[in-house]
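Data block below; observations after.
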Amino acid sequence: MSFEVWAPNAGTVALLLDGDRHDMHAVGDGWWSAVIEERAGADYGYLLDDDETPLPDPRSRRQPDGVHGLSRVHDPSAYAWTDEGWTGRQLAGGLIYELHIGTFTPEGTFDAAIARLPHLVELGVDFVEILPVNAFNGTHNWGYDGVLWYAVSESYGGPEAYQRFVDACHGAGLGVVQDVVYNHLGPSGNYLPRYAPYLSDASANTWGASVDFSRPEVRAFVVDNALMWLRDNHVDALRLDAVHALVDDGPVHILQELAEEVDALSAHLRRPLTLIAESDLNDPKLITPREAGGYGLHAQWSDDYHHAVHVALTGETTGYYADFEPMSALAKVATRGFFHDGTWSSFREREHGKPIPPETPTWRLVTYAQNHDQIGNRATGDRLSQTLDDDRLALAALLSLATPYTPMLFMGEEWGASTPWQFFTSHPEPELAEATAEGRIEEFAKMGWDRDIVPDPQDPETFTRSHLDWDEPYPADGEPTRHTRLLGVHRSLARLRRSEPELTDPRFGRLSAEWSEEPRWIRLRRGGLEIAVNLSEEPLSIGRPSEVLFATAALGEADGAMTVPPQGGAIVRV
């Protein structure tokens with residue numbers, strides 16, 4: 001087999017394979033190569049110049065001893081797939097369920113997660129989106145501190161367990177979305193700068209030096225990684241983290257290049273492959289087809305929708321929520337996609353965003369009432385279930401699942417989980433651990449939070465508290481509870497999405513809204529359906545609909561018209 005590594009920073013490179021040293025040959029453009037008899041499962045690393053300690057392979061597929069240890073030869077084609085009949089799933093009309101493998105189950109592994117797939121199927125989920133799983137230092141974190149992008153964390157079960165998980169999802173009829181991070185690397189175990197100029201200080205971002213896309217080898221490193229998940233691991237879609245932090249001034253932006261390569265692979269595999277961007281730009285260029293001058297990504301997250309729903313339900317208007325206080329903000333995001341589409345953003349102190357062209361299919365926006373960021377980046381990681389009553393949680397479900405966009409639920413949201421989702425890390429280095437903990441506490445102290453209530457991300461209990469409690473949706477005595485009732489609400493709404501064409505109709509032209517600021521209510525029209533949400537303390541008259549498809553509470557009557565009760569909602573045919 002051939003071992004190859006890009007290391008233009010080194011004068012000499014040697015391969016250490018199962019303890020044996022093999023000098024590598026320079027083959028041009030900073031690449032080094034060595035052809036060795038194939039050794040499946042062999043441990044190896046690279047010695048740069050006079051190093052005595054080998055470094056892991058930047059493209060390592062397995063790190064059994066952590067990110068500072070040797071890499072292990074792993075052949076992804078050795079897995080015996082059983083998903084030959086899987087033809088993929090298009091994002092349009094789908095429902096996404098976001099989860100973190102480490103806290104989804106008590107065991108925190110891929111194999112344990114497989115056992116919970118029937119729950120997702122019965123819920124009505126179409127895609128399972130998992131937070132980053134590539135190798136990081138320590139035993140647990142959110143996944144955004146990864147440093148070896150090609151390796152799957154051993155704490156979750158490693159690469160073979162990952163393939164078993166994807167295979168099982170396909171067997172259950174579920175597509176898989178993998179969250180990937182191409183905008184930064186974690187603070188511990190990042191050896192890329194030792195090998196080559198992967199990073200640039202000229203365009204640093206929130207996390208430090210940015211990935212240098214001016215170099216073809218770096219672009220290939222990212223593109224090959226994306227194709228690896230989709231081709232070798234049979235993944236159906238990628239969620240691209242914080243693409244606004246990707247700096248690329250070349251003639252073809254890295255996002256467009258990714259989209260072109262993924263579309264080409266999709267054509268070859270003959271199944272849909274999807275790229276979903278997380279972006280703070282509110283720029284429809286990301287999801288505009290390339291033939292119309294865009295990058296050709298397939299979808300993007302919409303925080304504006306989250307902000308409008310959050311404010312409407314909670315009344316919280318601090319920070320970036322301030323602009324979303326009026327009900328007109330919810331009406332705008334529900335019918336036009338972005339709230340900030342060239343409007344003044346008080347949080348940013350500038351005009352922000354661009355309008356979404358009306359011919360854009362609405363499913364290209366992924367929307368949510370909660371996600372890992374919007375919960376975990378709160379000081380105490382509190383969910384909506386910790387501040388809202390059951391009536392308003394049911395309205396959150398209605399606004400999430402009756403959205404004209406692609407809805408996404410965060411794990412446990414469907415039953416109003418009482419467990420928080422907090423920011424947790426496990427940095428082994430004392431200095432880094434202390435800096436992370438103190439930085440987190442200081443960040444919220446500056447915002448007026450009591451230092452004593454901000455969880456220490458390094459405390460193992462912070463990680464333990466964030467695990468789901470599966471006794472909540474499935475109580476041992478089988479008696480109805482708050483959790484089982486909310487689960488029933490989400491299941492009913494997911495079924496409606498599949499049975500009523502108007503709820504998956506992707507045309508902006510079929511959307512309209514009327515609303516009131518006082519009393520606070522909104523009525524969203526989707527073709528022949530109306531979604532009524534009453535946030536006031538008095539009944540809301542909705543005329544005489546021909547059919548009631550869903551209601552969070554019993555509807556009433558007044559003056560010959562049907563009414564939605566206070567803090568209630570309904571979907572009716574008009």
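The values are calculated or read from the model by the stated rules, or taken from the named source; none is laboratory data. Everything numeric in this text was worked out from a predicted model, so none of it was measured. Please note: Cβ atoms are built from the backbone with ideal geometry, for glycine as well, and neighbour counts cover all protein chains shown. Ligands, DNA and RNA are stripped out before the accessible areas are found, and what is left, the full protein with its side chains, is counted by its heavy atoms. Shrake-Rupley method; radii C 1.70, N 1.55, O 1.52, S 1.80 Å.
What do you reckon, is Glu538 of a type in the set (D, E, K, R), crowded, with 21+ Cβ neighbours inside 10 Å, outside any helix (DSSP H, G or I) and in contact (Cβ under 8 Å) with a residue 12 or more places away in the chain?
Judged against the criteria, Glu538 is not a match.
Among Ser60, Ser77, Ser33, which is outside any loop (DSSP other than H, G, I, E, B) and under 21 Å from Arg231 (Cα atoms)?
Result of the check over Ser60, Ser77, Ser33: Ser77.
One line per residue, one yes/no per condition, for (1) open to solvent by less than 10 Å² (accessible area, probe 1.4 Å); (2) of a type in the set (Ser, Thr, Tyr); (3) in contact with a Phe, Trp or Tyr (Cβ under 6 Å, 6 or more places away or on another chain); (4) within 21 Å of Ala151 (Cβ to Cβ):
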position	(1), (2), (3), (4)
Ser2	no, yes, no, yes
Ala7	yes, no, yes, yes
Gly11	no, no, no, no
Arg21	no, no, no, no
Asp29	no, no, no, no
Glu37	no, no, no, no
Ala40	no, no, no, yes
Asp51	no, no, no, yes
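Restricting to strands (runs of 3 or more DSSP E) lying wholly in segment 85-164: which have 3 or more residues that are of a type in the set (Phe, Trp, Tyr) and open to solvent by 20 Å² or more (accessible area, probe 1.4 Å)?
By residue number, no strands (runs of 3 or more DSSP E) qualify.
Are there strands (runs of 3 or more DSSP E) fully within segment 189-248 with at least 2 residues that are in contact (Cβ under 8 Å) with a residue 40 or more places away in the chain? List them.
199-205, 237-240
Residue check: is Gln178 open to solvent by less than 10 Å² (accessible area, probe 1.4 Å), part of a helix (DSSP H, G or I) and not hydrophobic (A, V, I, L, M, F, W, C)?
Spelling it out, it is not the case that Gln178 is open to solvent by less than 10 Å² (accessible area, probe 1.4 Å), part of a helix (DSSP H, G or I) and not hydrophobic (A, V, I, L, M, F, W, C).
Looking at (1) open to solvent by 60 Å² or more (accessible area, probe 1.4 Å); (2) not in a strand (DSSP E or B), which one does Pro566 not meet, given that it meets all the others?
(1)
Return a yes/no flag: does segment 219-237 have any residue that is surrounded by 16 or more Cβ atoms within 10 Å (Cβ to Cβ), over 30 Å from Gly171 (Cα atoms) and at pLDDT 95 or above.
Yes, some residue in segment 219-237 is surrounded by 16 or more Cβ atoms within 10 Å (Cβ to Cβ), over 30 Å from Gly171 (Cα atoms) and at pLDDT 95 or above.
Residue-wise test of (1) among the aromatic types (Phe, Trp, Tyr); (2) on the phi > 0 side of the Ramachandran plot; (3) open to solvent by less than 10 Å² (accessible area, probe 1.4 Å).
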position	(1), (2), (3)
Ala334	no, no, yes
Phe338	yes, no, yes
Asp341	no, no, no
Gly353	no, yes, no
Ile356	no, no, no
Leu365	no, no, yes
Asp373	no, no, no
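Tell me which residues, restricted to segment 375-385, are at pLDDT 95 or above and open to solvent by less than 20 Å² (accessible area, probe 1.4 Å).
Scanning segment 375-385 gives Ile375, Gly376, Gly381, Arg383, Leu384, Ser385.
Residues are listed down the side, and each one gets a yes or a no for (1) open to solvent by 80 Å² or more (accessible area, probe 1.4 Å); (2) within 25 Å of Gly186 (Cα to Cα):
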{"position": "Leu48", "(1), (2)": "no, yes"}
{"position": "His68", "(1), (2)": "yes, yes"}
{"position": "Arg72", "(1), (2)": "no, yes"}
{"position": "Ala80", "(1), (2)": "no, no"}
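So in segment 256-289, with the set limited to residues that are open to solvent by 20 Å² or more (accessible area, probe 1.4 Å) and in contact with a Ser or Thr (Cβ under 9 Å, 6 or more places away or on another chain), which one is nearest to Pro355 (Cα to Cα)?
Out of the qualifying residues, it is Thr288.
Here is a yes/no grid of residues against (1) of a type in the set (Ser, Thr, Tyr); (2) open to solvent by 70 Å² or more (accessible area, probe 1.4 Å); (3) in a helix (DSSP H, G or I):
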site	(1), (2), (3)
Ala397	no, no, yes
Met408	no, no, no
Leu432	no, no, yes
Glu438	no, yes, yes
Phe444	no, no, yes
Trp449	no, yes, no
Tyr474	yes, yes, no
Gly478	no, no, no
Val489	no, no, yes
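Residues of segment 507-524 being in contact with a Lys or Arg (Cβ under 8 Å, 6 or more places away or on another chain) and either farther than 19 Å from Leu313 by Cα or part of a helix (DSSP H, G or I) (or both), which ones?
Phe508, Arg510, Leu511, Ser512
Against the conditions (1) modelled with pLDDT of 95 or more; (2) open to solvent by 10 Å² or more (accessible area, probe 1.4 Å); (3) touching a Gly at 6+ places or on another chain (Cβ under 9 Å), where does Phe347 fall short? Just the number, please.
Result: Phe347 fails condition (1) only.
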